[in-house]
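Take a look at the structure below.
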Amino acid sequence: MRRSKILVLVGTLVALVAATLAVNAAASVPQARAASGFAFTNYQLGTAFIGESCPNATVACTNLAAEPAIRADAAGRFYGSSENGLGGGTQAWRSTDGGLHYTTLASPNALSQTSQPTVAPGGGDTDLAVATAPNANGLYNVYVASLNLASVDVSTSTDGGNSWSLNPIGANIVGDDREWIAADGASKVCISYHDAATFNIIVNCSTDAGTTFTQTGQAFDTNHLFSTNANEIGNLAIDPASHIVYQTYSSIDLQDQTNPNPVGNHVVYMAVSTDGGQTFTDHTVFDNPNVAVSYGHQFVNVSVDSAGNVYSVFTDDHNVSYSFSTDHGQTWSAPVQVNAAPANTAIMPWSVAGGPGKLDIVYYGTSYFDGVNTPDNYPSSAAWNVYFAQNLKAAKAGSKFTQVTASPVNHFGGACESGVTCTGNRDLFDDFGVAANPTTGLASIIYSDDQFDAAQPTKCTQAQNNTSSCDHTSVATQTGGGRIFP
C-alpha cells in the first residue's frame, strides 16, 4: 500500500481555497451533456474458491480486498486484481462475457496454485497489464504486480489466468514503493516504481515475459533531476503501435528549487521514452502558476488511444482535469475540467482510451464541497459514488464529456488520501480502474466499496458500514450507452 510523502501534504489544508480558485481559472469547464442510454450493472466479486462465478443465484459472492486494477485483452477478456494488503497476497478475476460475470482465479502470487492461500509474499499495491500480441498458445499474457517486503512481485500467466509463475524480485533496486506495470507485444513487460532510498522513479523492463528484468531506466532526464525528492509517481503506459513508453508524475518546477518551502506538486509531467524505456525526456503537461495546488493525489494518469493520441488525467482534490497530446507527448492542450455537478468533488481518476479520440474516465465523486476541508475531513453526510465520464472526440479542443453515475453509494464521509500515514477513513484506499472491451466498446469498472449490501452481503454487518470491516471489491459493468471501440 502506498506511502505518501510529506512534501505533498504540507500546507494542503491551508492552501485549498486558493488552489481551487487557481485550477478553476486555469482549466476551462465543459458543458455537461445529457446522458442518453448509459446503464451499468453492479455486483461484488468473490474469493470463496477458484472458479467461483459472480454474480450467481445460489451463494452471494464476497471478498475483503481493496484498491483494485483492471485491463482488457484484444480478444475482449477482462482481467481484474485487488490486494489483501502487504504479505496477504492479491486476488484475481477474469470475465469472458463482457464483464457480466467474473470468475475467481488462483491468486497470482500464491504459494499454491491449487487452492486459495492464506499467506502469500505480495499483496501491497496491485497493478495489472495484458500483452498486446498473442503468445505461442494464441492467448495474451497477463501480468500482475504487487509489492512485497523486499521487491516487486511480478506474476505471469500464459494460459488466460488459469495458472501463474511468480518472479518475486521484479525490481532491480531493493526497497521500492507504488509500482506500476505495462506490457508491449507478446513478451515485453515493464514496471515502474519509486526507489525508496532516493525517490527516483525507476523503470525496469523484461523481454522474456517477466522472468528476468534486465533493463533499467530513470524517468527523470537531466533537466528534471530537481524532481527527485519532490514528486508523486503516476502510472506507466506503452503505445502498442509506436512502442513509445510513457511514465507520468507530478512534481515542482525549476523555479521552486529556490523556494525553501514548496507547498504542492503543482506540475504534471509526462516522461517519454522512444527507445523502449531505456532513457526518457520529460515534458510539461500543465504547470499551475499557483504553487499551493497539488496534483500529487492518487494518481496522475496516462492512457493512449489507437491513433497514438495521449491523455493525461489529474485531480487537485476538487476537480478532475484532462489534457491531450497529438504529437506523442511533446506538447499538450490546455487542461479541461471533466467532472460536473453532482460530482462537485472528484478524486482518484483513472482513464482508458479506445479508438481515435475516444476516452473513458472514472473517479470517485460526491456532491459535497465546502471550499475549506480536504476530502479526508468531509462529514458523514458526504455520499460517494463511482462516476463515469466519456468523450468520443477527446483529442479535439472544445469537445465535451458525458458524465453518469455508475454505482450505488460506495462510501460515506471522509476519504483519506495520505497512504499509510492516514489518520482518517481510508476505505477507498488510493485508486481503482476502468477498462474497455475492444470487441464491444463497453467498459467495466472495478472499485472499492465499504457498504453492506443485503443482496450480496460482505463479511460484515450493516452497522459496520464505512469501516474497514466492510471493505471489498466490486464491479460496475457498462450495459448500454456510448462505446469507445472501434
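Can you give the FRET efficiency to the nearest 0.05 for Ser242 and Ser468, using r as the Cβ-Cβ distance and R₀ = 35 Å? Calculated value: 0.25. Here the range 412-471 and the range 50-72 have alpha carbon centers that stand 13 Å from each other.
Sequence-ordered 3J(HN,Hα) estimates for the range 467-479 from the Karplus curve with 6.51, -1.76 and 1.60 and θ = phi - 60° stand at 10, 5, 5, 9, 4, 6, 9, 10, 10, 10, 9, 6, 10 Hz, glycine and proline given as x. Taken along the Cα-to-beta-carbon direction at a fixed 7 Å, the label points for Asn344 and Ala186 span 5.5 nm.
Starting from the Cα coordinates of the range 47-113, work out the convex hull volume and express it per residue in Å³.
Convex hull of Cα atoms, per residue: 90 Å³.
In a fully extended conformation the segment linking Ser380 and Lys393 would gain 0.9 nm over its present Cα-Cα distance, using 0.36 nm per residue.
The orientation-averaged shadow of the Cα convex hull for the chain, equal to a quarter of the hull surface, comes to 19.7 nm². Amide H to amide H, with H built 1.01 Å from N, Phe40 comes under 5 Å of Thr479, counting only residues 5 or more places away or on other chains.
Between Thr211 and Ala454, the contour length at 0.36 nm per residue exceeds the Cα-Cα span by 83.1 nm.
A straight chain from Thr258 to Ala74 at 0.36 nm per residue would run longer than the Cα-Cα distance by 61.4 nm.
Taking label positions 7 Å along the Cα-Cβ direction at both Val420 and Val174, the computed distance is 1.7 nm, reported to one decimal.
As a calculated quantity, the FRET efficiency between Asn162 and Asn56 at R0 = 22 Å, using C-beta atoms, amounts to about 0.65.
Applying the Karplus relation 6.51 cos²θ - 1.76 cosθ + 1.60 with θ = phi - 60° to the range 169-175 yields 3J(HN,Hα) values of 10, x, 7, 7, 10, 6, x Hz, where x marks Gly and Pro.
Quick one: dipole size for the range 6-480, taken about the Cα centre, charges +1 on Lys/Arg Cβ and -1 on Asp/Glu Cβ, in debye to the nearest 20.
Using Cβ point charges on Lys, Arg, Asp and Glu, the range 6-480 gives about 1020 debye.
Taking 0.692 mPa s as the viscosity and 37 °C as the temperature, the Stokes-Einstein diffusion coefficient of the range 225-277 based on its alpha-carbon Kirkwood radius rounds to 270 µm²/s. Comparing Cα centroids, the range 375-399 and the range 223-293 end up 23 angstrom apart.
Backbone geometry of the range 221-234 corresponds, through the Karplus equation with coefficients 6.51, -1.76 and 1.60 at θ = phi - 60°, to 3J(HN,Hα) couplings of 7, 5, 7, 10, 5, 5, 7, 3, 9, 8, 8, 10, 6, x Hz, x marking Gly and Pro. Ranked for footprinting exposure by Cβ neighbours inside 10 Å, fewest first, Cys422, Cys190 give Cys422, Cys190.
The distance between label points at Gln330 and Thr479 comes to 4.7 nm (points 7 Å beyond Cα on the Cα→Cβ vector). Charging the Cβ of each Asp and Glu at -1 and of each Lys and Arg at +1, and nothing else, the dipole of the range 163-322 about its Cα centre rounds to 200 debye.
For the range 348-486, the Kirkwood hydrodynamic radius comes to 16.0 Å, computed from all pairs of different C-alpha atoms.
Just so you know, all these numbers are worked out from the coordinates, no wet-lab data involved. What you see is a predicted model; the values in this text were computed from it and never measured. Don't worry about glycine lacking a Cβ; one is built from the backbone with ideal geometry, like all the others, and counts go over all protein chains shown.
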